[in-house]
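The structure appears right after this line, and notes come after that.
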Amino acid sequence: MLDLWQEIMATIKANKLRTFFTGFAVAWGIFMLIILLASGNGLSNGVATNFASESKNAIYLWPGTTTMAYGGYQSGRRMKMTEKDVFLSEKQLPYVDTVAYKFYPKEDATFSVGSKTGKYPIVGVTTNYAMLEGIEVLPGMGRFINLMDIRETRKVVAINEKIKEVLFPNENPLGKFVNIDNVMYKVVGVVKYLTGNDSREGYIPISTAKTIYNFGKNGYDGIILSAKSLKTAEENEEYNKTIRQGFAKLHTFNPDDRSALGLWNNSQNYIQTMKIFWAIKLFVWIIGIGTLIAGIVGVSNIMLITVKERTKEFGIRKALGATPGSIIKLILLESILITSAFGYIGMMLGIAITETFNYVINQTPAEPGNVIFRNPTVDLGIVLSSLVILIIAGLIAGYIPAKRAVTIKPIEALRSE
């Protein structure tokens with residue numbers, strides 16, 4: 001067996017250029033397959049990361065102004081969201097899992113701690129508002145508004161991390177008080193948006209906001225629904241119509257009047273976006289498979305030429321007593337060695353580049369919600385399967401002409417050009 005491998009190595013050394021082109025076709029096919037698939041995965045993972053920071057199934061509703069006369073009412077009416085809208089959302093709309101709602105008392109409330117001041121929005125919210133809006137509490141920085149805060153109408157506030165930097169730059173604000181338009185609130189948490197939203201807001205219990213501020217004049221500024229059972233774009237589109245019909249009946253406006261009720265279906269947006277990236281991934285797969293086929297064709301052509309060029313050599317070997325089986329074995333082992341070695345090189349280069357790119361991305365993370373590329377890697381099983389396909393293609397391409405060549409009589413093989 002050692003003699004056989006020494007003979008193969010001697011053949012490879014004697015035909016370096018031919019060996020290089022055979023191996024390059026394999027390495028290039030594997031390398032490009034990894035790069036293309038990793039790029040497609042990176043784009044898809046980036047989009048998925050953006051949506052992971054907020055509820056994919058959230059549906060945002062806000063009051064609008066009618067643009068159509070309807071039911072005896074003139075156009076130009078502003079819709080006011082009240083407890084009836086909350087009841088409709090929680091009890092009458094189908095498929096609803098969670099409902100959150102908010103009230104903006106002031107867009108420019110004055111926050112002050114000693115001599116440090118700033119103007120920020122103050123928002124009355126429910127307990128599940130943070131989950132649906134993609135807000136998280138910073139590690140070790142308290143909590144968000146809870147149910148007891150709402151039940152007891154507590155004067156507590158969870159502040160955005162940017163507000164903390166202004167009012168409490170070098171200290172932990174938990175348990176301390178902040179003056180918001182001459183009302184003292186106890187800080188219970190420091191939060192940030194996971195979605196890249198730069199809104200610098202202070203969050204207080206919805207009950208506190210309704211009690212202290214003029215809720216009766218404007219009503220709720222928005223309601224957020226979560227409907228996890230809706231899976232397709234068609235289901236979400238139909239559900240949007242159901243929501244509009246429900247609110248239209250409650251407020252007596254035309255269901256086709258899109259301006260009367262603001263509606264944004266995050267699930268519908270997510271599904272449509274992912275369809276685009278699934279199409280991109282399919283396109284990448286087609287190109288990747290095409291590249292792999294090009295590699296197979298390249299290996300096959302070179303193996304065909306190689307066997308044809310060595311027909312005279314095979315005749316000499318047979319004249320010296322070599323059996324047809326030993327000659328075919330020599331060709332196949334040489335093919336396996338070249339395709340495996342160069343395939344491994346192409347695979348390692350592709351993995352090295354994708355991992356390096358992934359490392360660079362992780363070292364310079366983008367703002368949440370603005371991620372374009374994330375984890376551009378590829379399943380190793382796919383790469384190994386592709387390498388096996390190339391090796392098998394090389395074996396078949398070498399075996400068929402080799403089988404034909406060794407059946408030729410030695411004298412005819414020696415005459416071959």
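Miscellaneous remarks
- Criterion: among the hydrophobic types (A, V, I, L, M, F, W, C) and in a helix (DSSP H, G or I) - qualifying residue of ILE204, ILE271: ILE271
- Criterion: farther than 30 Å from SER226 by Cα, crowded, with 20+ Cβ neighbours inside 10 Å and not basic (Lys, Arg) - qualifying residue of GLY295, GLY321: GLY295
- Some residue of the stretch 165-173 being in contact (Cβ under 8 Å) with a residue 24 or more places away in the chain, buried (at least 16 other Cβ atoms within 10 Å of the Cβ) and under 27 Å from ASN214 (Cα atoms): yes
- Scanning the stretch 115-131 for residues that are surrounded by fewer than 22 Cβ atoms within 10 Å (Cβ to Cβ), out of contact with any Leu (no Cβ under 6 Å at 6 or more places or on another chain) and not hydroxyl-bearing (Ser, Thr, Tyr) returns GLY118, LYS119, PRO121, ASN128, MET131.
- Every condition in (1) in a strand (DSSP E or B); (2) crowded, with 16+ Cβ neighbours inside 10 Å holds for LEU138 except the one numbered (2).
- Test: residue in the stretch 190-198 that is touching a helix residue (DSSP H, G or I) at 6+ places or on another chain (Cβ under 8 Å) and of a type in the set (Asp, Glu): yes
- Single residue of LYS217, LYS228, LYS241 found to be within 35 Å of the chain's Cα centre (by Cα) and closer than 19 Å to MET79 by Cα: LYS241
- Matching entry among VAL284, VAL360 (being out of contact with any Pro (no Cβ under 7 Å at 6 or more places or on another chain), crowded, with 17+ Cβ neighbours inside 10 Å and part of a helix (DSSP H, G or I)): VAL284
- Odd one out for GLY346 among (1) modelled with pLDDT of 80 or more; (2) of a type outside the set (Val, Ile, Thr); (3) not in a helix (DSSP H, G or I): (3)
- Taken over the stretch 187-214, the residue count meeting the criterion of being closer than 19 Å to ASP108 by Cβ, touching a Pro at 6+ places or on another chain (Cβ under 8 Å) and either at pLDDT 85 or above or not assigned by TED's automatic domain parsing to the domain that holds PRO105 (or both) is 6.
- Any hit, the stretch 100-110, residues being under 30 Å from LEU230 (Cα atoms) and surrounded by fewer than 15 Cβ atoms within 10 Å (Cβ to Cβ): no
- MET148 surrounded by fewer than 18 Cβ atoms within 10 Å (Cβ to Cβ), of a type in the set (A, V, I, L, M), touching a Lys or Arg at 6+ places or on another chain (Cβ under 7 Å) and assigned by TED's automatic domain parsing to the domain that holds LYS116: no
Residues are listed down the side, and each one gets a yes or a no for (1) surrounded by 21 or more Cβ atoms within 10 Å (Cβ to Cβ); (2) part of a loop (DSSP other than H, G, I, E, B):
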| position | (1), (2) |
| --- | --- |
| VAL190 | yes, no |
| LEU225 | yes, no |
| LYS231 | no, yes |
| GLN245 | no, no |
| ASP257 | no, yes |
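- Matching residues, the stretch 174-188, being outside any strand (DSSP E or B), in contact with a strand residue (DSSP E or B) (Cβ under 6 Å, 6 or more places away or on another chain) and without any contact (Cβ under 8 Å) to a residue 40 or more places away in the chain: LEU174
- MET131 being in the same structural domain as TYR213 (by TED's automatic domain parsing), hydrophobic (A, V, I, L, M, F, W, C) and without any contact (Cβ under 8 Å) to a residue 12 or more places away in the chain: no
- Pair list, Cβ < 8 Å and 6+ apart or interchain, from the stretch 377-397 residues that are in contact (Cβ under 8 Å) with a residue 60 or more places away in the chain to residues that are charged (D, E, K, R): THR377/GLU355
- Residue selected from the stretch 192-223 under the condition β-branched (Val, Ile, Thr) and in contact with a strand residue (DSSP E or B) (Cβ under 7 Å, 6 or more places away or on another chain), by the criterion surrounded by the most Cβ atoms within 10 Å (Cβ to Cβ): ILE204
- Extreme residue, surrounded by the most Cβ atoms within 10 Å (Cβ to Cβ), among residues of the stretch 11-34 that are more than 15 Å from LEU387 (Cβ to Cβ) and at pLDDT 70 or above: THR19
The values are calculated or read from the model by the stated rules, or taken from the named source; none is laboratory data. Here the structure is a predicted model, which is why all the values come from computation and not from measurement. Backbone-built Cβ (ideal geometry, glycine too); neighbour counts: all protein chains shown.
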